[in-house]
Amino acid sequence: MLEQLREDATGMEVAPPIRTGYPEDKVRLIDILLRPEVLVYEPFWMAISSNKAILPVLWSLFPNHRYLLEASFHLTPNLIQNGYAQKPIAGRRGDNVKLIGENNSMLDTTDG
């Protein structure tokens, strides 16, 4: 996601680059959202709760919960065998979603 944003914004820099102090200047969501030149148009808690990266965390905390589907940052043998949805972490409105069926067969995809 960040790489796509960097590509789209090349030549349009209005702020100095983010220097986080992490190896290779790894950027966290908080490093971006708390910059003074960034305006957030929805409540901060919505940016966290609508982030798809929370799904694998919830699955690890509550495995096999009846209201959760299996979610992981990496493909597991179970996901490959049964099929899965591949979603961007910060996607909206169902854009850029791939539905992968049993044994990696592409079922459908959406653009965004």
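When Val27 is tested against (1) surrounded by 11 or more Cβ atoms within 10 Å (Cβ to Cβ); (2) at pLDDT 80 or above; (3) not in a helix (DSSP H, G or I), just one condition goes unmet, and that condition is (2).
Residue count for region 55-72, restricted to those that are open to solvent by less than 60 Å² (accessible area, probe 1.4 Å) and either part of a loop (DSSP other than H, G, I, E, B) or within 16 Å of Gly91 (Cα to Cα) (or both): 4. Please determine, by comparing only the residues of region 30-53 that are of a type in the set (Val, Ile, Thr) and open to solvent by 60 Å² or more (accessible area, probe 1.4 Å), which one is nearest to the chain's Cα centre (by Cα). So, considering only residues that are of a type in the set (Val, Ile, Thr) and open to solvent by 60 Å² or more (accessible area, probe 1.4 Å), the one nearest to the chain's Cα centre (by Cα) is Ile48. Asp95 meets each of the listed conditions (1) open to solvent by less than 90 Å² (accessible area, probe 1.4 Å); (2) at pLDDT below 75; (3) of a type in the set (Asp, Glu) apart from (2). The residue that is most open to solvent (accessible area, probe 1.4 Å), among those in region 98-109 that are at pLDDT 90 or above and in contact with a Gly (Cβ under 7 Å, 6 or more places away or on another chain), is Leu107. Would you point out the residue of region 73-92, among those that are part of a helix (DSSP H, G or I) and either under 17 Å from Leu55 (Cβ atoms) or touching a residue at least 40 places away in the same chain (Cβ under 8 Å) (or both), that is least open to solvent (accessible area, probe 1.4 Å)? That would be Leu79.
The values are calculated or read from the model by the stated rules, or taken from the named source; none is laboratory data. All figures in this text were calculated on a predicted structure; none of them were measured in a lab. Quick reminder, even Gly has a Cβ in these numbers, built from the backbone with ideal geometry, and neighbours come from all protein chains shown. Surface areas here come from the heavy atoms of the whole protein model, side chains and all, with no ligands, DNA or RNA. Shrake-Rupley method; radii C 1.70, N 1.55, O 1.52, S 1.80 Å.
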